[in-house]
1. Would it be correct to say that G143 is over 12 Å from Y77 (Cα atoms) and assigned to a strand (DSSP E or B)?
2. Do we have any residue at all in the stretch 96-106 that's in contact (Cβ under 8 Å) with a residue 40 or more places away in the chain and of a type in the set (S, T, Y)?
3. Please find, among T121, T74, the residue that is under 18 Å from P38 (Cβ atoms) and surrounded by fewer than 16 Cβ atoms within 10 Å (Cβ to Cβ).
4. Inside the stretch 136-165, can you point out the residues that are modelled with pLDDT under 75 and β-branched (V, I, T)?
5. Take the residues in the stretch 40-55 that are polar (S, T, N, Q) and under 18 Å from T121 (Cβ atoms); name whichever of them is surrounded by the most Cβ atoms within 10 Å (Cβ to Cβ).
6. Does G102 meet the test of being touching a strand residue (DSSP E or B) at 6+ places or on another chain (Cβ under 8 Å) and not charged (D, E, K, R)?
7. Farther than 18 Å from L135 by Cα, out of contact with any helix residue (DSSP H, G or I) (no Cβ under 9 Å at 6 or more places or on another chain), surrounded by 14 or more Cβ atoms within 10 Å (Cβ to Cβ) and among the hydroxyl-bearing types (S, T, Y): does that describe T62?
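The values are calculated or read from the model by the stated rules, or taken from the named source; none is laboratory data. The shown structure was predicted, so the numbers you read here are calculated from the model rather than taken from an experiment. Glycine gets a Cβ as well: all are built from the backbone with ideal geometry, and neighbour counts include every protein chain shown.
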Amino acid sequence: MAARWSRPSSSVFSLATSAPSGGLFSQAMHATAIPVHPSITISDVSVEEPGSPSASVPARFTVRLDTPSILPVTVQYATAAGTATAISDYAPVQNTLTIPAGATTGTITVNVRHDAIDELTETFFVNLGNATNALIKDAQGKGMILDNPPPLPPCPPYIEECQEK
């Protein structure tokens, strides 16, 4: 008996046998369409806090598949606080991301908000769960909010080096 397997796309394995002789099989067999699920990962992101109280800055997390899928991939996501505080530092989100069949990336956007507090870098997370048609390899993306530097004080008139010329 001869057996051959092939991987016609990155998401399916096929197996075919021919010329059976002796053994368990009395006729040729063909099996196909065994799905192989891609792995999901999520990026980490750093953004600078917006300078204006009414402004927000998008933190864009990239969700990647290690190989395209022949089926749409879905994954649920939700933000979680680290040292940053939901609502005052970022707008919390919870939803489902769909990556269409044949595609390898999707984007999750979290809006980072201005606060008037001078502070160190703060963190929040985007957690992934309940994937369909894929396996989660990296379930957490880290968002870092870099505090915007305070404005420089005005230059005193008696310091000649900092006066505009």
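1. So G143 fits the description; yes.
2. Checking the stretch 96-106: at least one residue is in contact (Cβ under 8 Å) with a residue 40 or more places away in the chain and of a type in the set (S, T, Y).
3. Result: T74 is the single residue among T121, T74 that is under 18 Å from P38 (Cβ atoms) and surrounded by fewer than 16 Cβ atoms within 10 Å (Cβ to Cβ).
4. I159
5. Residue satisfying both the conditions and the ranking: S43.
6. no
7. no
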